[in-house]
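Worksheet: the structure to be examined is printed underneath.
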Amino acid sequence: MANYKNLIEKMINLYIISNGIHDSAVIDAIRSIPRHSFVEESFSELSYTDAPLPIGHKQTISGIYTAALMTSVLELNKNHKVLEIGTGSGYQTAILANLASEVYTIERIRELSLKSRTILDNLDFKNITFIIGDGSIGFKEYAPYDRIIVTACLSEIPKSLIDQLKDGGIIVMPVEIDYKQNIFVIKKNNDKIEKKIIASANFVKLIGKSGFAA
Ligand code: SAM
């Protein structure tokens, strides 16, 4: 896609900066990633709008504002080890891998995990570990994590995720309560947990042991 750099700039201005996100590290990461590579060719142009688009298996790539918002609240740096639950297309994974040291990303649908891996390998990312399985209980083999991001909706904050978070760590995740989804930011300091809602949301459900039934 020849003109995608212009489309990225437009997307950044229209959906990120004009909605109040000015985090230059996050914006630079988004600027460096060809978002159209993560969707079917027929959705190439639409991938630079704010629409959540289908990626197969009844799943979606999150809208760009939501991806930028959730990344910015993680306050990532190059020392951070991140767990992402819900690899999906791999686009959010690319943003995280651009900003952090290591990313562990878990996806329950094998085909999506393998497809995202091919895309991210082609883009030359070397700091991503792909896991296929149920991430609703986190992934304790590589814990603890500095940051955890969940990109599908749960009905509560699983204790296992809090346990797998380092002290000083941050989790961002959508939670559905009374049929209404909100994005929560959870901070852990000296074993005290602080929770804050930052936006409403409309994610697909997280299916699994600590999630919704399939
Ligand atoms: N962030 C992704 C992107 O940029 O494309 C979009 C993620 S999509 C909204 C949510 C993903 O979570 C889907 O791919 C879905 O299969 C996955 N998922 C649902 N339940 C899961 C679970 N228990 N463990 C891991 N992944 C899960």
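The values are calculated or read from the model by the stated rules, or taken from the named source; none is laboratory data. What you see is a predicted model; the values in this text were computed from it and never measured. Note that we place each Cβ from the backbone using ideal geometry, even for glycine, and neighbour counts take in every protein chain shown. Note: accessible area is taken over every heavy atom of the protein model, side chains too, but ligands, DNA and RNA are not part of it. Shrake-Rupley method; radii C 1.70, N 1.55, O 1.52, S 1.80 Å.
Taken over the stretch 183-206, the criterion of being in a strand (DSSP E or B) and open to solvent by less than 30 Å² (accessible area, probe 1.4 Å) is satisfied by Ile183, Phe184, Val185, Ile186, Lys188, Ala199. Only one of the numbered conditions (1) at pLDDT 95 or above; (2) surrounded by fewer than 15 Cβ atoms within 10 Å (Cβ to Cβ) is not met by Ile21, and that is (2). Within the stretch 176-194, the set of residues being away from the ligand (no atom under 12 Å from the Cβ) and closer than 14 Å to Val150 by Cβ comprises Glu176, Asn182, Ile183, Phe184, Val185, Ile186. Scanning the stretch 52-65 for any residue that is under 30 Å from Gly168 (Cα atoms) and β-branched (Val, Ile, Thr) turns up at least one such residue. Could you tell me whether any residue of the stretch 155-169 is among the β-branched types (Val, Ile, Thr) and either closer than 19 Å to Ala68 by Cα or in a strand (DSSP E or B) (or both)? No, there is no match, as no residue in the stretch 155-169 is among the β-branched types (Val, Ile, Thr) and either closer than 19 Å to Ala68 by Cα or in a strand (DSSP E or B) (or both). Can you confirm whether Ile149 is surrounded by 18 or more Cβ atoms within 10 Å (Cβ to Cβ), modelled with pLDDT of 95 or more and outside any loop (DSSP other than H, G, I, E, B)? So Ile149 passes the test. Filtering the stretch 95-125 to residues that are within 11 Å of the ligand (Cβ to nearest atom), open to solvent by less than 30 Å² (accessible area, probe 1.4 Å) and of a type outside the set (A, V, I, L, M, F, W, C) leaves Thr105, Glu107, Ser113, Ser116.
Does Asp167 satisfy the criteria of being open to solvent by 70 Å² or more (accessible area, probe 1.4 Å) and out of contact with any strand residue (DSSP E or B) (no Cβ under 9 Å at 6 or more places or on another chain)?
No; evaluated as a whole, the condition is false for this residue.
Just one of the numbered conditions (1) modelled with pLDDT under 95; (2) surrounded by fewer than 23 Cβ atoms within 10 Å (Cβ to Cβ) is not true of Ser62: (2).
Each residue in the stretch 132-146 was checked for being among the hydrophobic types (A, V, I, L, M, F, W, C), within 13 Å of the ligand (Cβ to nearest atom) and either surrounded by fewer than 18 Cβ atoms within 10 Å (Cβ to Cβ) or over 16 Å from the mean Cα position of the chain (by Cα) (or both), and 2 of them qualify.
Enumerate the strands (runs of 3 or more DSSP E) found wholly within the stretch 23-136, keeping only those where 3 or more residues are within 26 Å of Ala199 (Cα to Cα) and in contact (Cβ under 8 Å) with a residue 40 or more places away in the chain.
Numbers: elements: 53-56, 59-61, 81-85, 102-107, 128-132.
Result: 81-85.
Pull up the stretch 68-94, narrow it to residues that are small (Gly, Ala, Ser) and within 6 Å of the ligand (Cβ to nearest atom), then point me to the one that is nearest to Tyr4 (Cα to Cα).
Filtering the stretch 68-94 for residues that are small (Gly, Ala, Ser) and within 6 Å of the ligand (Cβ to nearest atom), the one nearest to Tyr4 (Cα to Cα) comes out as Ser89.
Of all residue pairs spaced 6 or more apart or on separate chains, those with beta-carbon atoms under 9 Å, a first member in the stretch 199-214 that is without any contact (Cβ under 8 Å) to a residue 24 or more places away in the chain and a second member that is more than 6 Å from the ligand (Cβ to nearest atom) and of a type in the set (Lys, Arg) are Ser200/Lys180.
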